[in-house]
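Visitor: Below are the structure tokens for one structure; questions will follow.
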Amino acid sequence: MTGHGPLEQSTGPIDGVVPAFACAGNNIPDDSPAMDTPGPKVVAQLRTQGQGGKTVARMRELGQAEVSINTTGFPELDGAPGGLFPELLGGAFNFGVANMLANLLNNAAAQPAHNAATFVPAISAVAVADIDNHDALYSKINSDYSDLYVRCATTNEGHTVMTRELGEWIVTRLKDA
């Protein structure tokens, strides 16, 4: 291995195991609109999480004052490598479900800019680093430093989705046990 910690730069296999591997992010930019609905009954915007203090949601009902939801101290979680938010309704995920509900209220057909965000960041799922560090959140993972015996998929999938890649890894581990 080329590095000496849980977050490595190496991707080469050693004895058939890839100790440092990159989990793909989902290409959702931080601090950008994920869903916008212009009304007429409900005007709303959901934004992806940006680093630090950000407004992540704004909503105003007809004749009411705007309500905002602000965060402080969060990293850019929505686009981080890891398991995606679970599908809830006919292909709609977290931002997509909010968009679907706004469309029902407004009798509209707007599409979300982003349908799904990261639900569980990979570094948290495999217990190698805290999620509050941007560099760690988007780094390759060295499974040798996890308290768990882990393998991450090479593409973002829904949270707990069993892929062929992960299934083959599990079967190989069982055969070797």
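The values are calculated or read from the model by the stated rules, or taken from the named source; none is laboratory data. Predicted, not measured: the structure shown is a model, and the values here were computed from it. Quick reminder, even Gly has a Cβ in these numbers, built from the backbone with ideal geometry, and neighbours come from all protein chains shown. SASA here: full protein model, heavy atoms, side chains in, ligands and nucleic acids out. Shrake-Rupley method; radii C 1.70, N 1.55, O 1.52, S 1.80 Å.
Visitor: Out of segment 80-96, which residues are assigned to a loop (DSSP other than H, G, I, E, B) and either among the aliphatic types (A, V, I, L, M) or out of contact with any strand residue (DSSP E or B) (no Cβ under 9 Å at 6 or more places or on another chain) (or both)?
Guide: Result: A80, L88, G90, G91.
Visitor: Looking at segment 140-155, which of the residues that are open to solvent by 30 Å² or more (accessible area, probe 1.4 Å) and in contact (Cβ under 8 Å) with a residue 24 or more places away in the chain is nearest to E76 (Cα to Cα)?
Guide: K140
Visitor: Still on this structure, please answer the following. Taking segment 117-135, which residues are part of a helix (DSSP H, G or I) and either in contact with a strand residue (DSSP E or B) (Cβ under 9 Å, 6 or more places away or on another chain) or surrounded by 20 or more Cβ atoms within 10 Å (Cβ to Cβ) (or both)?
Guide: A122, I123, S124, A125
Residue by residue, here is whether (1) open to solvent by 20 Å² or more (accessible area, probe 1.4 Å); (2) outside any loop (DSSP other than H, G, I, E, B); (3) touching a residue at least 24 places away in the same chain (Cβ under 8 Å) holds:
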| site | (1), (2), (3) |
| --- | --- |
| P29 | yes, no, yes |
| V56 | yes, yes, no |
| G63 | yes, no, no |
| L77 | yes, no, yes |
| A98 | yes, yes, yes |
| L104 | yes, yes, no |
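Visitor: Could I ask something else about it? If I go through segment 32-50 residue by residue, how many of them are open to solvent by less than 50 Å² (accessible area, probe 1.4 Å), farther than 21 Å from E157 by Cα and not in a strand (DSSP E or B)?
Guide: Count: 3.
Visitor: While we're on this one: Let me confirm something: among L88, L62, L101, which residue is at negative phi and at pLDDT below 90?
Guide: Sole residue among the options that is at negative phi and at pLDDT below 90: L88.
Visitor: Also: Could you list, in sequence order, all residues of segment 106-116 that are over 13 Å from Q45 (Cα atoms) and open to solvent by 40 Å² or more (accessible area, probe 1.4 Å)?
Guide: The answer is N107, A108, A109, N115.
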